[in-house]
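Visitor: The structure follows.
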Amino acid sequence: MVRVAVTGLGPVSSIGVGVSAFADALRAGRSGISRIASFDPSGFPFVKAGEVHGFRPREHLSRLDASRWGRSSLFAATAARLAAADGGLDPDRIDAGRAHAVIGTTSGESQVLEALTAQIVTEGFAGQDPALLAQLPANRLAHAVSEELGLAGESLTLATACSASNYAIGYGYDLLVAGEADVVFAGGADSVCRWAHAGFYRLGALTEHACAPFDRDRSGILTGEGGVVLMLETFEHAQARSARIYAELLGYGLNCDAHHPVAPHAPSIADCIRRAHRNAGVKPEDVDYICAHGTGTPANDFVEGAAILEVFGPEPPPVSSIKSMIGHTMGAASGFGAVAGVLAIDRGFLPPTVNWKHPDEGLPGLDPVPNVARSATVRVVQNDGFAFGGNNAIVMFGAVT
Amino acid sequence: MTGVAVCGWSALTSAGEATSKATGSLPRVDAPAAPGTGGLPAEPLPSPRGHVVPQFDIRARLGRKGTSAYDRATGLAVACYGDALGTAELAADADRGRVGVVLGTTVGSFRSTSDFSRETLVQEKPYLVNPMLFPNTVMNGAAGQVAIRHGLRGVNATVSGGAVGFLNAVRYAEMMLAGGYADVMLAGAVEEFSAHRAWAAHLTGTTAEVPLGEAAAVFVLSAPQPPAWVGAAPIADLVTATGFGPGGTGARALAACVRRALDRAGVAPADVTAVLTGEADRAGQDEYAAVAGLLGHRPRRVAAKRLLGECDAASAAAALAVWLADPEPAGPALLTARNADGAVAVAVVRRRADAGTGDR
């Protein structure tokens, strides 16, 4: 049986670029939320998001011409470059055909699409910039990684919305276990955009100032952005080059609500948790920490919490949401969760749920790790990702034994 | 042969509706190029020609219940996945949690997303968007509605690939079946006709040779020996390989995929009788030339885009339907695709009815 190692982490987030900055910010419970700068938010009642300010892809990229790629692709490529460097891997020295890029996303090149739409509004369809149109296909997120690192294996963008990074990590796991890969760069990317801000606001799912998952008075999400990549390798490949192994990727589970386009569904989430545990060969009592989907909407957190209580019983392991710090980074969200989960194992701490004030009586026994990070020995982590379309995906990590 | 079995399929194209049970409407592989006909949306278009699925009306086809927020891509997907599911002849007690869905696309619905974004610019207040339409801006909207409509609670994925979108979906399905996550995968691709796609294709030059088209085509895939609860017998086998050519090495990457797929399928290069290419032009430099060079001979070339239009992610899916519908016996075929950014994909296709034909 092939075992899968996590050997490199590449977060490009609103609370830090690179694993050290990101880990320090998680431990400090820092917020990456600020007034929106990527578009003029002044006509909106709510004006905050988790943007990556001062993102300078040219400082990180070796091969990509940044002027030819959209923001989300640049997030993905930068994250992959960081992950390779963090893992001490020179991509030019591996078998390129056995190295793959798998990137999840919700809205792909959303800022490119918004720029094209503005051109359509002002100049008509014929007034669109062909160079910008060429940047639109969502498949370019994975291709940016392949091109930047010179990978000749599969280059797949999974567009399963807000659980897409977990889908990508899961597919990477399958490629490695099936013997089709030595290395897989898996993660996700998305950019803050006006249309998502408007859509979530009109759904009543957006909050004004602070995202407070699992709080009794939680009132919604803040949109966020970024790119995140985990470098996954077979143990054999990692050990042959004496790589540091952060954690083992134990397995994952997928299912679909087949219920409602946007509302989450507790029985289906409980089923997905059980699928993930079965696939990873773990029991509920083995799990030390759940990195929650935890969007901060009344519906998600109640449904997720209820599903956790159903599977784990009245005393579930601690459940925290890093969306309280970075907002909802959409297709990158479960990738950031995965990095947080891996760091929990590697560095022995539970990231907090910040902005938390009141227990929710509807979720008795649920410990959200309120406001302050906690030292802990973490051996098994469950990382949740749920999405519009009912696309649930849960990934399991374990300490190396 | 490793890979996956095709137990049934359905296709909605400008030629109408076709399934593995009633293949009649699709053009023969050797039909002359079709110019594309009527049914185009009443909007300013860059060309008066286009390939539109005829008389496809969401309400008429799928009823009113649950369909009010569907966009055209979602309607085509829900109809086509339903038709494909029908061809599988599942037993009444089949576990639909073991039937997965994977859908190939480029950006989902460019129209839905752009129209939604447009409202934030033209309304009196930027937030005056219609929240009912928000899910259509997300690329997995169509696959999610397929699951809801047909009660499919298992694996459900949307993959983006542009020209390689459909073969990415087949490859993903193959991995889900091999990994035991599903017993049957409905793998397909969908693209809708819209002014948005038409102008994008026109301005980037992808419709210089053939008109824009729309299509949905879905294939019922299983392990080579399907589970007992699938009533339909396998009609073909597929082996896929996908890859990437960094730094402009796409042709080399395509050749590597052809070699890998043939090797896994146990098919000798000399036995390939046809190449179904994603090229629309007659010269065929991008795909056919590279493939023929590797094979060492020049098998028949089928350019399905000349029959059904430029359908982006759905083009290879429509091409596969055309090939499986063709009544003439033939040996193994290669289905190839390549996108502008360096991604490549190949499938070896063998129809079981042809077993022994030019296939040592």
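Visitor: Looking for something in contact (Cβ under 8 Å) with a residue 12 or more places away in the chain, assigned to a helix (DSSP H, G or I) and in contact with a Lys or Arg (Cβ under 6 Å, 6 or more places away or on another chain) - is there at least one such residue anywhere in the range A:274-285?
Guide: There is no residue in the range A:274-285 that is in contact (Cβ under 8 Å) with a residue 12 or more places away in the chain, assigned to a helix (DSSP H, G or I) and in contact with a Lys or Arg (Cβ under 6 Å, 6 or more places away or on another chain).
Visitor: Among the listed residues B:Val102, B:Val129, which satisfies the condition of being part of a strand (DSSP E or B) and in contact with a Phe, Trp or Tyr (Cβ under 8 Å, 6 or more places away or on another chain)?
Guide: B:Val102
Visitor: Any idea which residue in the range A:38-82 is surrounded by the most Cβ atoms within 10 Å (Cβ to Cβ), counting only those that are of a type in the set (A, V, I, L, M, F, W, C) and closer than 22 Å to B:Glu119 by Cβ?
Guide: Here the answer is A:Ala49.
Visitor: Any residue in the range B:117-128 that is touching a Cys at 6+ places or on another chain (Cβ under 8 Å), at the interface with another protein chain (Cβ under 9 Å from one of its Cβ atoms) and under 30 Å from A:Phe44 (Cβ atoms)?
Guide: yes
Visitor: Still on this structure, I have one more. Looking only at residues that are among the charged types (D, E, K, R) and over 12 Å from B:Ala274 (Cα atoms) in the range B:330-351, which one is surrounded by the fewest Cβ atoms within 10 Å (Cβ to Cβ)?
Guide: B:Arg351
Visitor: A further question on this structure: Do you know which residues across the range A:183-211 are small (Gly, Ala, Ser), more than 14 Å from chain B (Cβ to nearest Cβ) and crowded, with 24+ Cβ neighbours inside 10 Å?
Guide: A:Gly187
Visitor: List every residue pair whose Cβ atoms lie under 9 Å apart, where the two residues are 6 or more positions apart in sequence or sit on different chains, the first residue falls within the range A:76-94 and is at positive phi, and the second residue, located anywhere, is of a type in the set (Lys, Arg).
Guide: A:Gly88/A:Arg241; A:Gly88/A:Arg244
Visitor: Which condition number in (1) among the hydrophobic types (A, V, I, L, M, F, W, C); (2) surrounded by fewer than 22 Cβ atoms within 10 Å (Cβ to Cβ); (3) modelled with pLDDT of 95 or more is the one that B:Ala280 fails?
Guide: Single failed check for B:Ala280: (3).
Visitor: Those residues that are more than 16 Å from A:Gly188 (Cα to Cα), more than 14 Å from chain B (Cβ to nearest Cβ) and among the small types (Gly, Ala, Ser), I need them from the range A:225-258; list them, please.
Guide: Those that are more than 16 Å from A:Gly188 (Cα to Cα), more than 14 Å from chain B (Cβ to nearest Cβ) and among the small types (Gly, Ala, Ser): A:Ala238, A:Ala240, A:Ser242, A:Ala243, A:Ala247.
Visitor: Further, regarding this structure: Tally the residues that are hydroxyl-bearing (Ser, Thr, Tyr) and either outside the structural domain of A:Ser191 (by TED's automatic domain parsing) or under 18 Å from B:Thr106 (Cβ atoms) (or both), restricting the search to the range A:109-123.
Guide: Total satisfying the criteria: 2.
Visitor: On to the next question. Mind telling me which of the residues A:Ser72, A:Ser67, A:Ser38, A:Ser20 ends up being assigned to a loop (DSSP other than H, G, I, E, B) and in the same structural domain as A:Gly172 (by TED's automatic domain parsing)?
Guide: From the options A:Ser72, A:Ser67, A:Ser38, A:Ser20, the qualifying one is A:Ser38.
Visitor: If I ask for residues that are buried (at least 24 other Cβ atoms within 10 Å of the Cβ) and either within 7 Å of chain B (Cβ to nearest Cβ) or within 20 Å of B:Val138 (Cα to Cα) (or both), which ones from the range A:137-151 would you list?
Guide: The answer is A:Pro137, A:Ala138, A:Asn139, A:Arg140, A:Leu141, A:Ala142, A:His143, A:Ser146, A:Glu147, A:Leu151.
Visitor: Just the residues that are among the aliphatic types (A, V, I, L, M), assigned to a helix (DSSP H, G or I) and out of contact with any helix residue (DSSP H, G or I) (no Cβ under 7 Å at 6 or more places or on another chain), please, taken from the range A:77-114.
Guide: A:Ala79, A:Leu82, A:Ala83, A:Ala85, A:Ala96
Visitor: Can you find, within the range A:344-401, the residue that is surrounded by the most Cβ atoms within 10 Å (Cβ to Cβ) among those that are within 14 Å of another protein chain (Cβ to nearest Cβ) and not in a strand (DSSP E or B)?
Guide: A:Gly389
Visitor: Further question: Quick one: which residue in B:Val220, B:Val184 is under 30 Å from A:Arg278 (Cα atoms), in contact (Cβ under 8 Å) with a residue 60 or more places away in the chain and in contact with a Cys (Cβ under 6 Å, 6 or more places away or on another chain)?
Guide: B:Val220
Visitor: Would you point out the residue of the range A:222-250, among those that are hydrophobic (A, V, I, L, M, F, W, C) and in a strand (DSSP E or B), that is nearest to the chain's Cα centre (by Cα)?
Guide: Among them, the one singled out is A:Val228.
Visitor: Sticking with this one: Filter the range B:141-164 down to residues that are under 11 Å from the mean Cα position of the chain (by Cα) and either surrounded by fewer than 24 Cβ atoms within 10 Å (Cβ to Cβ) or more than 7 Å from chain A (Cβ to nearest Cβ) (or both), then give me how many there are.
Guide: 2
Visitor: Of the residues in the range B:173-225, how many are more than 12 Å from every other protein chain (Cβ to nearest Cβ), of a type outside the set (S, T, N, Q) and surrounded by fewer than 23 Cβ atoms within 10 Å (Cβ to Cβ)?
Guide: Selection size over the range B:173-225: 5.
Visitor: A follow-up question, please. For the range B:273-301, how many residues meet the condition of being aliphatic (A, V, I, L, M) and either touching a Cys at 6+ places or on another chain (Cβ under 6 Å) or under 16 Å from B:Ala319 (Cβ atoms) (or both)?
Guide: Of the residues in that region, 5 qualify.
Visitor: For the range B:325-341, does any single residue satisfy the condition of being touching a Gly at 6+ places or on another chain (Cβ under 7 Å), outside the structural domain of B:Gly24 (by TED's automatic domain parsing) and β-branched (Val, Ile, Thr)?
Guide: Checked against the condition, which is being touching a Gly at 6+ places or on another chain (Cβ under 7 Å), outside the structural domain of B:Gly24 (by TED's automatic domain parsing) and β-branched (Val, Ile, Thr), the range B:325-341 yields at least one hit.
Visitor: Do we have A:Ser219 as touching a Gly at 6+ places or on another chain (Cβ under 9 Å), on the phi < 0 side of the Ramachandran plot, small (Gly, Ala, Ser) and assigned to a loop (DSSP other than H, G, I, E, B) here?
Guide: So A:Ser219 passes the test.
Visitor: Something else: Can you find a residue that is crowded, with 24+ Cβ neighbours inside 10 Å, more than 10 Å from the chain's Cα centre (by Cα), more than 11 Å from A:Ser334 (Cβ to Cβ) and among the hydroxyl-bearing types (Ser, Thr, Tyr) anywhere in the range A:157-164?
Guide: So far as the range A:157-164 goes, yes, one or more of its residues are crowded, with 24+ Cβ neighbours inside 10 Å, more than 10 Å from the chain's Cα centre (by Cα), more than 11 Å from A:Ser334 (Cβ to Cβ) and among the hydroxyl-bearing types (Ser, Thr, Tyr).
Visitor: Being free of Cβ contacts under 8 Å to residues at least 60 places away in the same chain and of a type outside the set (D, E, K, R) narrows it down to one of A:Ala387, A:Ala344, A:Ala333, A:Ala340, so name that one.
Guide: The unique qualifying residue is A:Ala344.
Visitor: Given the criterion assigned by TED's automatic domain parsing to the domain that holds B:Ala163, basic (Lys, Arg), touching a strand residue (DSSP E or B) at 6+ places or on another chain (Cβ under 7 Å) and on the phi < 0 side of the Ramachandran plot, identify the matching residue among B:Arg98, B:Arg49, B:Arg61, B:Arg111.
Guide: B:Arg98
Visitor: Please count how many residues of the range A:286-306 are crowded, with 24+ Cβ neighbours inside 10 Å and either in a helix (DSSP H, G or I) or basic (Lys, Arg) (or both).
Guide: Number of matching residues: 4.
The values are calculated or read from the model by the stated rules, or taken from the named source; none is laboratory data. Given the structure is predicted, the values throughout are model-derived calculations rather than measurements. Reconstructed Cβ throughout: ideal geometry from the backbone, glycine too, with neighbour counts over all protein chains shown.
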